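Below is one structure; the comments refer to it alone.
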Amino acid sequence: MSTTSRFQGKTAVVTGAGSGIGRASALRFAEEGANVVVADVVEETGRETVRLIEEGGGNATFVDVDVSDSESVQRMVDTAVDTYGSLDFAHNNAGILTGFAEVTDVAEEQWDKLLDVNLKGVWTCMKAELPVMEAQGSGAIVNTASEAGLVGMGGLSSYSASKHGVVGLTKTVGLEYASREIRVNAVAPGPTNTNIQSSVGGSGGNPESMPFDTSAMVDVPMDRVAEPEEIAGAVVFLCSSDASYITGHTLPVDGGQAAD
Ligand SMILES: NC(=O)c1ccc[n+]([C@@H]2O[C@H](COP(=O)([O-])OP(=O)(O)OC[C@H]3O[C@@H](n4cnc5c(N)ncnc54)[C@H](O)[C@@H]3O)[C@@H](O)[C@H]2O)c1
């Protein structure tokens, strides 16, 4: 990994940075010169991301965070400011996916847990990040939504509801901060080669064998899944000055699914 200077002296916080899209994003921020706060609920994988960044010559700090817990999220933001002196970029990315089930078969505790991490978790992060960015007079936030936040997906009612919520929250907070030098956008990945995909297979089985329409989950015009680095590229673009007039937007990064 070689470092370039586009984000030199800047600080990025990435949640869910121990795996998949979050790890790719953390590595990419570091490659672009940013100091990175690697936040995850799993310490071992988060520390491995820090090791990978340091191995490449970058700066990173691990923070143990559960995004559904506002106190731990506040500690994450405090760590960024205390360690590196600012919070310039935030990729609010941590998310979970439980197995496929028709809406009447979704257990209440499963619904609550998923919404707590995927939707409330984005809110807790923005609530802690925005005051710091506002005091600085600048900042850019990217939330991870999903293709399931743009269209319905049979068998994924709680996940789809959470991601539609992320899209709505992104639009709204984007508007609220549009005149305050803070941009808020989202990426909507299509199927991406990460551990989350196996969590669906593990508890819910193959989407192609489900008794409802899951085509939006499996049909990709480009005929392949994304690699996490392809999502990370869109995240750093949205944080960069190349995206200086973009806010409140959700960018599909989905091999053409949203156009289908
Ligand atoms: N992989 C896909 O196909 C896909 C598609 C669309 C959207 N997404 C979204 O991308 C995001 C990242 O997922 P991924 O695919 O990289 O999965 P992943 O499972 O590889 O990574 C998710 C990371 O989030 C962490 N995490 C889970 N709960 C957390 C919590 N409460 N607090 C802090 N960290 C927590 C996990 O420990 C893990 O490191 C998620 O929001 C997911 O919904 C993924």
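The values are calculated or read from the model by the stated rules, or taken from the named source; none is laboratory data. Source: prediction; values computed, not measured. Note: ideal-geometry Cβ built from the backbone for every residue, glycine included; neighbour counts use all protein chains shown. Just so you know, the surface numbers come from the protein's heavy atoms only, side chains and all, with ligands and any DNA or RNA stripped out. Shrake-Rupley method; radii C 1.70, N 1.55, O 1.52, S 1.80 Å.
Extension gain for Thr172 to Thr104 (0.36 nm times residue separation, less C-alpha to C-alpha distance): 21.5 nm. Taking θ as phi - 60° and the Karplus parameters 6.51, -1.76 and 1.60, the scalar couplings of the stretch 134-147 work out to 5, 5, 6, x, 6, x, 9, 10, 10, 9, 8, 8, 5, 3 Hz in sequence order, x denoting glycine and proline. Principal axis extents of the C-alpha atoms in the chain (largest first, rounded to whole Å): 52, 39, 35.
Short-range pairs are left out: with C-alpha atoms under 8 Å and at least six residues apart, the relative contact order of the chain is 19 percent.
With R₀ fixed at 25 Å, the C-beta to C-beta distance from Lys113 to Glu43 puts the FRET efficiency at about 0.80.
Per atom type, the stretch 11-254 shows carbon and sulfur on 50% of its accessible surface, probed at 1.4 Å.
Across the stretch 82-88, coupling constants 3J(HN,Hα) worked out from phi with the 6.51/-1.76/1.60 Karplus curve, θ = phi - 60°, read 5, 7, 10, x, 7, 9, 9 Hz, and Gly and Pro carry x.
Could you tally the net charge around Pro252, taking each other residue with its Cβ under 11 Å from the Cβ of Pro252, Lys/Arg +1 and Asp/Glu -1? Please list the in-between numbers first.
Details: positive: none; negative: Glu147, Asp254, Asp260.
Around Pro252, the surrounding residues sum to -3.
With respect to the chain, whose longest principal axis is taken over its alpha-carbon atoms, helix 228-239 is tilted by about 50°. A simple spin-label model places pseudo-atoms 7 Å from Cα toward Cβ; at Asp260 and Thr83 they are separated by 3.9 nm.
Once you've got the Cα coordinates, tell me which of Lys113/Lys163; Lys113/Lys171; Lys127/Lys171 are over 21 Å apart.
Numbers: Lys113/Lys163 14 Å; Lys113/Lys171 24 Å; Lys127/Lys171 15 Å.
Exceeds cut-off: Lys113/Lys171.
Taking the Cα centre of the stretch 11-254 as origin, work out the dipole magnitude from +1 charges on Lys and Arg Cβ and -1 charges on Asp and Glu Cβ, in debye rounded to 20.
460
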